[in-house]
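Since the structure comes first, as C-alpha cells, the remarks are kept for the end.
Derivation of every value follows stated rules applied to the coordinates shown; laboratory data play no part. Just so it is clear, the structure is predicted and the values come from calculations on it, not from any experiment. Reconstructed Cβ throughout: ideal geometry from the backbone, glycine too, with neighbour counts over all protein chains shown.
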Amino acid sequence: MRRLQIVTEIRRAIEQHEFCLWYQPIVDLETGRLAGFEALIRWQHPQRGFIAPDEFIPIAEETGMIILLGQWVLYEACRQLRHWQEQTQSDSALTVNVNLSGKEVMQPDLIKRVRKVLDETGLDPTCLKLEITESVAMQDAEATIETMRQLRAMGIHMCVDDFGTGFSSLQYLNQFPIQMLKIDRSFVGTMDPDSESIAIVKAIILLAHALNIDVVAEGVETIEHLVQLQGMGCEYGQGYLFAQALDSDAAGTLFINEVAQQQSVFPPETLTEEPKTEEPKVVDDSEGSFELAQWSFHWLWRMG
C-alpha cells in the first residue's frame, strides 16, 4: 500500500474492525508454564489481504495515527485478558504485554488514557505490562522516567523491550522503574558457544538481576538456546520454540488450559525445532553488541 492510502485507511480500518490482536506466549523457563502474552497487532485488509505491521506501523508513528491505533490496541488487549479471566472465573496472575510507541509515551494525557482503559475493562493493573523500546526510553530519559513512575504507581509493570540495541546509559537504566527487560532476538538467536552474543546475554542477565529486574529472552528457537538460558538464570522466554503468535481463540484455549491444569503447558518433551510458517526478523548489530558488552561488564565490575 502507498503511504497516503495507509494514512487514510487506518481510521476506517479501526471502525470496520479490520485490525485484530494476536498473542505470543511468554513462558516461565524454569517451570514451562505460561506466564502471559505479548499482544501483537495484525491488519486483514478486505482488498489487499494481510498487511504486515512493518508496513503500516512506521507510517502510523510518523503521522501521529499511532496514538489512535495504540489506544485501540491497549483497550482490546485489556478487554481480552479480562474476558479470559471471566471465562475461567479466576483472577489469574497471567499478564498481557502491550507496546507503547515513542509518540504515545510523550503524550501528556497518557496516564489518563491508560487509567480510563483499566476502569472500562475492569482489568487489574498488575495484569498489564507496558513495553517501551530501549531507543524510545532514551529519547527523553528524564521525561520517560517520570511517566514510568506514574504508571508504576498505578500498579502497572514496566518493561524495556529490545534491550541491547539502543546504547542505553547504565546510569539511566538504574533509574528506570522497570520490573522486566527483554533481550533482543538478535543476540539470543546467535548464541553459539564461543560467540560474542552469548557473552552479551550473560552480561545483560547478570546486570538485570543485580538491579532486581526479571529477564525475557526474545527469539528462543532451539532447545540448545533454551538450555543455555536456563543455565544463565533467565526467567522467561518468548519465541517459535514455544509458539508463534496465536489468534485470540487459540490464545484463549491456552489461557484456559493453564488456569485449569495448574501445570506446564509447554513441557520440555513437547518442544520441537520444526520450521514455522513465519520467520523472525533478525537484526545484525555486532558492533553495538561489542560496545554493550564493554559497558555491561565494566558496570558489573564496579558493583563488585
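Cα convex hull, the range 160-211: 72 Å³ per residue, rounded to a whole number.
How do 246-259, 212-225 rank on mean C-beta neighbours within 10 Å, highest first? List each step's numbers first, then the result.
Numbers: 246-259: 17.1, 212-225: 20.4.
In descending order of packing, they fall as 212-225, 246-259.
Look at the Cα gyration tensor of the range 61-189: its axes a ≥ b ≥ c give a/c of at least 1.5 with a/b over b/c, and that counts as prolate.
Using only the Cα atoms of the range 113-162, what semi-axes does the equivalent ellipsoid have when each is the square root of 5 times a gyration tensor eigenvalue? Give whole Å, largest first. Each step should come with its number before you reach the end.
Values: eigenvalues 92, 25, 15 Å².
Listed largest to smallest, the semi-axes of the range 113-162 are 21, 11, 9 Å.
Using the Kirkwood radius built from alpha carbon pairs, what does the Stokes-Einstein equation give as D for the range 160-260 at 10 °C and 1.306 mPa s, in µm² per second? Each step should come with its number before you reach the end.
Working: Rh = 14.5 Å.
D, rounded to a whole number, is 109 µm²/s.
Sequence-distant contacts, meaning Cα pairs under 8 Å at least 6 residues apart, place the relative contact order of the range 1-122 at 25 percent.
When the chain is treated as a GNM with alpha-carbon contacts under 10 Å, the residue of Val73, Val27, Val227 showing the greatest mean-square fluctuation is Val227.
What is the range 1-132 by shape, rounded, prolate or oblate, if you read a ≥ b ≥ c off the alpha carbon gyration tensor as root eigenvalues and call it rounded for a/c under 1.5, prolate for a/b larger than b/c, and oblate otherwise?
Details: a/c = 1.91, a/b = 1.57, b/c = 1.21.
Prolate shape, in that a/c is at least 1.5 and a/b is the bigger ratio.
Under 5 Å between amide hydrogens, built in the peptide plane, is the criterion, and for Ala35 it picks out Ile26, Val27, Asp28 among residues at least 5 positions away or on other chains.
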